[in-house]
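One structure is given here, and the rest of the page talks about it.
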Amino acid sequence: MFNWKGAYYLFVSLIALFSVSCSEYSKIMKSPDSDMKYRKVFEYYEAEDYYKALGLIEDIKAVYKGTDKYETLCFYNAYCNYQQKEYSLAGYLFKEYARLYSNTERTEEAEYMSAYCHYCISPSVSLEQTYTELALNDMQEFINKYPESKYLEQAQKCIDELNFKLETKAYNNAMLYFKISDYKAALVALKNVLYDYPTTSYREEIMFTMVKASHILATKSVESKKLERHKNTVQAYYAFLDKFPNSKKLKEAERYFTNSHNYIESKNGLQKD
């Protein structure tokens with residue numbers, strides 16, 4: 001049986017604790033003692049009460065302008081926003097810190113965190129990828145500036161993930177052209193994916209689709225363009241065969257090749273006659 005009485009007392013205790021906490025924070029905020037507030041910032045931060053820490057930072061920051069404490073408050077201001085998942089604002093604040101304090105022991109960390117905040121707001125593959133590109137550029141700039149950084153491994157992992165996201169976006173866009181039967185656009189887009197991402201994990205599917213798209217485009221073309229496009233199919237097939245001789249899709253690709261090859265041979269026979 002559920003203990004309603006126990007639950008009630010627990011609820012009342014939590015409300016009382018919350019009230020005491022709010023009362024204490026209110027007294028601290030009203031106090032004229034800036035040094036006490038400064039110490040409390042870090043107590044609240046360590047207790048993961050980032051909202052209260054941030055409130056105190058905003059309250060006393062101007063008092064310490066031009067001092068080492070102001071620098072520290074700026075740094076923790078960025079981290080409080082980061083911990084509250086305000087990544088866009090936190091990224092800006094970390095970047096501002098690094099700009100204002102370009103030669104401190106925290107500068108490198110601030111520059112990494114600025115890039116990492118942009119990584120955190122990189123959207124899913126289905127959405128527009130401006131923030132992904134921004135994060136990628138920031139991470140690459142960080143690595144170039146700090147090649148021996150302790151954050152190097154983490155930064156490289158982020159770069160790999162961001163690159164794969166852009167690669168997948170480009171691949172999906174190219175395949176969409178194929179799905180809507182715009183084979184000419186699909187072939188251009190698929191070639192661009194191979195050019196932009198030479199080590200792509202989608203290479204087999206891309207090269208197979210190029211064989212298929214070339215063949216469909218050839219068969220649907222007007223007579224004056226069929227010969228050239230069937231030749232393109234044969235070239236695409238040989239490129240696919242060379243790269244993936246054991247592909248599960250090789251038999252299907254061979255059918256497109258055979259069809260195109262027979263068409264070319266028939267045209268060559270007519271030319272000989």
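The values are calculated or read from the model by the stated rules, or taken from the named source; none is laboratory data. Here the structure is a predicted model, which means the values were calculated and not measured. Cβ sites come from the backbone with ideal geometry, for glycine too, and all protein chains shown count toward neighbours.
Can you tell me which residue among I121, I159, I143, I180 is surrounded by fewer than 15 Cβ atoms within 10 Å (Cβ to Cβ), over 24 Å from K248 (Cα atoms) and at pLDDT 95 or above? Break it down stepwise before answering.
Working: I121 fails: surrounded by fewer than 15 Cβ atoms within 10 Å (Cβ to Cβ); I159 fails: surrounded by fewer than 15 Cβ atoms within 10 Å (Cβ to Cβ); I143 fails: surrounded by fewer than 15 Cβ atoms within 10 Å (Cβ to Cβ).
Unique residue meeting the criteria: I180.
For the range 91-109, which positions are surrounded by fewer than 13 Cβ atoms within 10 Å (Cβ to Cβ) and either part of a helix (DSSP H, G or I) or hydrophobic (A, V, I, L, M, F, W, C) (or both)?
R99
Taking the stated definitions as given, is Y112 buried (at least 16 other Cβ atoms within 10 Å of the Cβ), among the hydroxyl-bearing types (S, T, Y), in contact with a Cys (Cβ under 8 Å, 6 or more places away or on another chain) and in contact (Cβ under 8 Å) with a residue 40 or more places away in the chain?
Against the criterion (buried (at least 16 other Cβ atoms within 10 Å of the Cβ), among the hydroxyl-bearing types (S, T, Y), in contact with a Cys (Cβ under 8 Å, 6 or more places away or on another chain) and in contact (Cβ under 8 Å) with a residue 40 or more places away in the chain), Y112 does not qualify.
Consider only pairs whose beta carbons are under 7 Å apart and that are at least six residues apart or on different chains; among these, list those whose first residue lies in the range 258-269 and is assigned to a helix (DSSP H, G or I) and whose second residue is of a type in the set (S, T, N, Q).
What qualifies is S260/T233.
With respect to M29, determine if the residue is touching an Asp or Glu at 6+ places or on another chain (Cβ under 8 Å), of a type outside the set (K, R) and at pLDDT below 90.
Working: touching an Asp or Glu at 6+ places or on another chain (Cβ under 8 Å): yes; of a type outside the set (K, R): yes; at pLDDT below 90: yes.
Judged against the criteria, M29 is a match.
Which condition breaks for K150 when tested against (1) over 11 Å from the mean Cα position of the chain (by Cα); (2) of a type outside the set (A, V, I, L, M, F, W, C); (3) surrounded by fewer than 16 Cβ atoms within 10 Å (Cβ to Cβ); (4) part of a helix (DSSP H, G or I)?
(4)
Only one of (1) in contact with a helix residue (DSSP H, G or I) (Cβ under 9 Å, 6 or more places away or on another chain); (2) more than 20 Å from I180 (Cβ to Cβ); (3) surrounded by fewer than 20 Cβ atoms within 10 Å (Cβ to Cβ) is not met by T219, so which one is it?
Looking at each condition in turn, T219 falls short on (2).
Quick one: count up the residues across the range 222-246 that are in a helix (DSSP H, G or I), touching a helix residue (DSSP H, G or I) at 6+ places or on another chain (Cβ under 9 Å) and under 18 Å from L194 (Cβ atoms). I'd like the intermediate steps shown before the answer.
To start, the set of residues in the range 222-246 that are in a helix (DSSP H, G or I) comprises 223-243.
Right, trim to touching a helix residue (DSSP H, G or I) at 6+ places or on another chain (Cβ under 9 Å) and you get 225-241, 243.
Within this subset, residues satisfying the condition of being under 18 Å from L194 (Cβ atoms) are 232-233, 235-241, 243.
Matching residues across the range 222-246 total 10.
Could you run through the range 45-62 and say how many residues are free of Cβ contacts under 8 Å to residues at least 12 places away in the same chain and over 20 Å from P32 (Cα atoms)?
Count: 3.
So A62 passes all but one of these: (1) at pLDDT below 95; (2) surrounded by fewer than 17 Cβ atoms within 10 Å (Cβ to Cβ); (3) closer than 27 Å to K169 by Cα. Which condition number does it fail?
If we test A62 against (1) at pLDDT below 95; (2) surrounded by fewer than 17 Cβ atoms within 10 Å (Cβ to Cβ); (3) closer than 27 Å to K169 by Cα, just (3) comes out false.
Could you go through the range 169-177 and let me know if any residue there is under 30 Å from R106 (Cβ atoms) and surrounded by 13 or more Cβ atoms within 10 Å (Cβ to Cβ). Let's see the steps before the verdict.
In the first step, residues of the range 169-177 are kept if they are under 30 Å from R106 (Cβ atoms); the result is none.
No, there is no match, as no residue in the range 169-177 is under 30 Å from R106 (Cβ atoms) and surrounded by 13 or more Cβ atoms within 10 Å (Cβ to Cβ).
Only one residue in K267, K165 is basic (K, R) and modelled with pLDDT of 95 or more, so which one is that?
Just one listed residue meets the conditions, K165.
Here is a list: Y238, Y195. Which entry is surrounded by fewer than 16 Cβ atoms within 10 Å (Cβ to Cβ), among the aromatic types (F, W, Y) and under 30 Å from S124 (Cβ atoms)?
Of the residues listed, the single one that is surrounded by fewer than 16 Cβ atoms within 10 Å (Cβ to Cβ), among the aromatic types (F, W, Y) and under 30 Å from S124 (Cβ atoms) is Y195.
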